[in-house]
Amino acid sequence: MKYTLGDLAKEVSAEVVGDTSYIVESVATLLNAQSHQVTFLTNSAYRKQLVSSQAGAVILSKDDSVECPTNAIISTNPYATYAKIAALLSPSESYDPGIHHSAHIDNDATISDSASIAAGVVIESGVIIADAVRIGAGCVVGKNSKIGAGSVLAANITITHNCDIGERNIIHPGVVIGADGFGQAIENGKWIKVPQLGGVVIGDDVEIGANTTIDRGAIEDTIIEDNVKLDNQIQVAHNVKIGAHTAIAGCTAIAGSTKIGKHCRIAGMVGIVGHLEIADNVMVTAKSLVTHSIKEAGVYSAGTPLEPSKQWRKNTIRFKQLDSMAKRLKILEKQISSNKNTAE
Amino acid sequence: MKYTLGDLAKEVSAEVVGDTSYIVESVATLLNAQSHQVTFLTNSAYRKQLVSSQAGAVILSKDDSVECPTNAIISTNPYATYAKIAALLSPSESYDPGIHHSAHIDNDATISDSASIAAGVVIESGVIIADAVRIGAGCVVGKNSKIGAGSVLAANITITHNCDIGERNIIHPGVVIGADGFGQAIENGKWIKVPQLGGVVIGDDVEIGANTTIDRGAIEDTIIEDNVKLDNQIQVAHNVKIGAHTAIAGCTAIAGSTKIGKHCRIAGMVGIVGHLEIADNVMVTAKSLVTHSIKEAGVYSAGTPLEPSKQWRKNTIRFKQLDSMAKRLKILEKQISSNKNTAE
Amino acid sequence: MKYTLGDLAKEVSAEVVGDTSYIVESVATLLNAQSHQVTFLTNSAYRKQLVSSQAGAVILSKDDSVECPTNAIISTNPYATYAKIAALLSPSESYDPGIHHSAHIDNDATISDSASIAAGVVIESGVIIADAVRIGAGCVVGKNSKIGAGSVLAANITITHNCDIGERNIIHPGVVIGADGFGQAIENGKWIKVPQLGGVVIGDDVEIGANTTIDRGAIEDTIIEDNVKLDNQIQVAHNVKIGAHTAIAGCTAIAGSTKIGKHCRIAGMVGIVGHLEIADNVMVTAKSLVTHSIKEAGVYSAGTPLEPSKQWRKNTIRFKQLDSMAKRLKILEKQISSNKNTAE
């Protein structure tokens, strides 16, 4: 795709300082961009690369534009503007509507004429595939599930029965939606399976990373609200609810029945135990374990710092003495304070 | 399915207090259950919902039944009773026996007439599929593997060669059983692959969650005993052995050759390093790292508490000083004790 | 396969002490090996099993060979020698070249005549499959990706578009290579997808464990260099670079744009945050979180020790008091020192 800077800026409501008729064709990094390429500056760590950039244009803030050696696309939110411009210059591939001859579609499934179903896809009875849905090779959609308009299922994805996927979802390879939640009752030392009878309901504009798993509810549904963004290898247990506009980084796991608020940002490898409530606008830093409900917006952390192992070994052994150290400290404080009193 | 409370109670050896001829059709949560629905009370946190429940019947303990406003199904183990009743009211779907025309079955595989093989399944030579096995779409079963009677493989599952899966297993989508263990020898700074020649042996009544991986043994087999319950995204390395009736929550990883006892309960995101032995009846809490063998039953933990990040940052920095703090504390104790002696 | 010890030793440049004409057929553990089986001793924990071993031959160091009760294959690196001997005695299965009739190969894909493509495989346009590649059942290879000579893709693997996989790679089931990186820009509280336009470039002799995910780059490529060994369920985010001969154990996650050096060994469940640089020859122990760049080779750790939960609960609560404890300790030190001065 080719755009003049003027046309591009118009599309994304930004302002050009420079040659509005200059043509750009693709995006690149600040370091490697050449003429006819657009790049962006958001991270101040890269500001020194700006002055020597060979880019055809740079998306940046008004403040940073002072030092821009080339055409500037000025935005109050350069990263969001970059996202839109990159999408314009590199549009997602379009797929021809139709059903590959090797796909297996149950007679009782309803597939929109504008949907594109790839090779080897299996769609069971009662499924509804809406307009402009793309289902990639090797995906399986179980009985009575629905895929909303414009959603894309990449490849080798499993959606089990009675799952309701919204519109414009992007689901990456290997995702499993609707597997049974982990419900086990114990009787005489033996586990009995608790039937998992709820479904999964996913809103609109959700993105789900590769090999992430979202379990079906035990009785009621597991719920992912609109515009939630899930990275790869996340585990969402039964009856979890994730509020709209929450983003979660890779390998985080959320145990059963926990409710996460809206606009939260959960970093990677975080664990959140079951039956908690996390307020809106909560951030949790990488690898923390959340063991209690969080009622106030804010940033939360757990964990210990990385050290050379030799030193760490000495310190971590002391962790086991922490309670006794605290008590001994208190005793010392009392002794000193009484010594003082005695001395006075 | 419809049952009278009397018939239902008889099936699960429980006692009805109320109208034994009352008909129930489905299960629901305590909060949302309506007439002709059964619910249960096990978690005391929900007891206040009991008095206003609109349920047709509630499964609960004798003690809790005093406050039950509707028909009561009294059980010494309400959750297990609920599991059984839910299974009766919502039986698993049955599948017609037979092989989908698009499945690829090697001529040297043996498939029971009562097995159900879905679209796109690939079964290699020497495989034995026993009675009433259900293999869902997109599954691959490698050479000489066996699937025991009544086992269900959901969809997009890979079982490699020479794996022995027992009876009545439930295996969820995306599971990989029998991939090579991570065996690498180093020679002159370069890794050489160590062939992984063992298999995987899985007992009866095992459940394996979505995208969990169980590697084949290096020389001998990786072993999962009867009635083990594994949640999603668990990693079981080569030559691990998991004892019967042990349950493990999501995203836990067990390194090579570690043996876990029977009746253990391992929480989510736990790491267990290699070559350890964990006794029977051990519980490990969420996100702990197990670095040594555990010889006694009991509950074990590791980790630090979640805090607002501002406070956490101050505390975690101190972790690096722990050993020095311990030493300084000791010095102070000596000084005070000698001051005292001097003073006396 | 059958070998005389003499022939075997010659192949792997080792020395036999004993009967060079003795025939061996397979490998086994030191404990269970029988006649005509080869085993090895590398871990001193197993040395006591040596004297009573029934093995036909044992691969071991010169020092250990003194106590060897049977034929010895002497090596300065017994584990690497074992790896080679095991590969000779149990060669990987060979596959007949050719394309299964149920595979779906785009007309614009190029498949070597010596490649073996299994049932249900989907290969899109522009793909190049080199000589002696084996692609197992259910794999999907997206547009314009390349698979180098001799690489093996096990089953149910997804390689998306524009990925470049080197030679002699071994990729295990469920792996996803080239899914979109997690790029999200926020605008007015709503997430906007940042197009992920880079690819994935993987060198030669790389092994990738089951259900591991390697995301494509945002603008430039994600890079895995030669002879990198990745265990199961690892998450490699966009624009990560992993240096040659680095090995990473299961369930580790590496966030975006982090560069890991050569010859590193990262243990399981480690988290490495984004935009870091890790030097060559760094080791990180299990479950550590790496939050800053590491400039020097060495061993690094984080975390707290496993304890009985009762004790752990007492200690972990004190973690929140660590900063205050450190300050109180300092105050005491001053008081004592001033008391002393006063006393003097």
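The values are calculated or read from the model by the stated rules, or taken from the named source; none is laboratory data. Since this is a predicted model, take the numbers as computed values, not measurements. All Cβ positions, even for glycine, are placed from backbone atoms using ideal geometry, and neighbour counts span all protein chains on display. Heavy atoms of the whole protein, side chains included, go into the accessibility calculation; ligands, DNA and RNA do not. Shrake-Rupley method; radii C 1.70, N 1.55, O 1.52, S 1.80 Å.
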For B:Ile278, distant residues with modelled amide H under 5 Å away: B:Lys259, B:Ile260, B:Gly261, B:Ile294
Per residue of A:133-142, other chain Cβ atoms within 10 Å number on average 6
Could you list log10 I(q)/I(0) for the stretch B:236-344 at q = 0.17, 0.18 Å⁻¹, which the Debye formula gives when each Cα is one point scatterer? -0.81, -0.86
Proximal charge balance of B:Ala87 [Cβ under 12 Å; K/R count +1, D/E count -1]: +1
Going by average Cβ neighbours within 10 Å, how do the peptides B:306-319, B:196-209, B:101-114 rank, with the highest at the top? B:196-209, B:306-319, B:101-114
Over the alpha carbons of the protein assembly as shown, what is the largest minus smallest coordinate on each principal axis, giving the biggest first in Å? 96, 84, 80
So how exposed is A:Tyr46, as accessible area in Å² (1.4 Å probe, rounded to 10)? 90 Å²
In chain B the DSSP beta bridges are antiparallel at a rate, in percent to nearest 5, of 10 percent
Once amide H atoms are built 1.01 Å from N in the peptide plane, which residues 5 or more positions from B:Tyr300, or in another chain, come under 5 Å H to H? B:Met283, B:Val284, B:Thr285, C:Ser309
Residue among C:Ile242, C:Gly209, C:Val299 farthest towards the positive dipole end of the stretch C:197-344, charges placed on Cβ: C:Val299
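Summarise the accessible area of the stretch A:42-132 (1.4 Å probe, protein heavy atoms) by the percent that is carbon and sulfur. Before the final figure, lay out the partial values.
Details: 2070 of 4430 Å².
Heavy-atom surface of the stretch A:42-132 belonging to carbon and sulfur, 1.4 Å probe: 47 percent.
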Determine the total buried accessible area between chain A and chain B, counting protein heavy atoms only with a 1.4 Å probe; round to the nearest 100 Å². 6000 Å²
Students often check this: by mean Cβ neighbours within 10 Å, which of B:54-62, A:329-337 ranks highest, and how do the rest follow? B:54-62, A:329-337
Packing-based order for A:7-20, A:120-133, B:27-40, C:210-223, using average beta carbon neighbours within 10 Å, highest first: C:210-223, A:120-133, B:27-40, A:7-20
Residue-level accessible surface for C:Ser94, protein heavy atoms, 1.4 Å, Å²: 100 Å²
log₁₀ I(q)/I(0) of chain B at q = 0.09 Å⁻¹, via Debye over equal Cα point scatterers, no solvent, to two decimals? -0.69
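Taking 8 Å as the Cα distance limit and 6 or more residues as the minimum spacing, I'd like the relative contact order of the stretch A:155-226 as a percentage. Walk me through the numbers on the way to the answer.
Working: 177 pairs, mean separation 26.5, N = 72.
Answer for the stretch A:155-226 is 37 percent.
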Pairwise centroid distance, computed over Cα atoms, of the stretch A:1-78 with the stretch B:235-250, Å: 53 Å
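Which shape class, rounded, prolate or oblate, goes with the stretch B:22-103 when its Cα gyration tensor gives a ≥ b ≥ c as root eigenvalues, a/c under 1.5 marks rounded, and past that a/b bigger than b/c marks prolate?
Values: a/c = 2.99, a/b = 2.52, b/c = 1.19.
The shape class here is prolate.
Send over a whole-number figure in Å² for the accessible area per residue of the stretch B:178-226, probe 1.4 Å.
On the way: 1270 Å² over 49 residues.
Accessible surface, normalised per residue, equals 26 Å².
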Calculate the mean, over all residues of peptide C:332-340, of how many other protein chain Cβ atoms lie within 10 angstrom of the residue's Cβ. 5
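Per residue of A:211-221, how many C-beta atoms from partner chains lie within 10 Å of its own C-beta, taken as a mean?
5
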How compact is the stretch B:243-307 by the rule of thumb for globular proteins, expressed as Cα Rg over 2.2 N^0.38 Å? 1.01
Excluding A:Val206 itself, calculate the net charge of residues whose Cβ lies under 15 Å from the Cβ of A:Val206, where each Lys or Arg counts +1 and each Asp or Glu counts -1. -3
Magnitude of the charge dipole, chain C, Cβ model with Lys/Arg +1 and Asp/Glu -1, debye to 20: 2240 debye
In a shell of Cβ-Cβ distance under 14 Å around B:Leu230, excluding B:Leu230 itself, what net charge do Lys and Arg (+1) and Asp and Glu (-1) give? -4
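Would you mind working out the accessible area per residue for the stretch C:50-118, using a 1.4 Å probe, and quoting it in Å²?
In whole numbers, the stretch C:50-118 has 49 Å² accessible per residue.
Cα-Cα over 29 Å: which of B:Lys314/C:Lys287; A:Lys259/B:Lys241; A:Lys193/C:Lys193; B:Lys310/C:Lys314; C:Lys48/C:Lys262; A:Lys241/C:Lys190?
Numbers: B:Lys314/C:Lys287 22 Å; A:Lys259/B:Lys241 35 Å; A:Lys193/C:Lys193 39 Å; B:Lys310/C:Lys314 22 Å; C:Lys48/C:Lys262 36 Å; A:Lys241/C:Lys190 18 Å.
A:Lys259/B:Lys241; A:Lys193/C:Lys193; C:Lys48/C:Lys262, as the Cα separations exceed 29 Å there.
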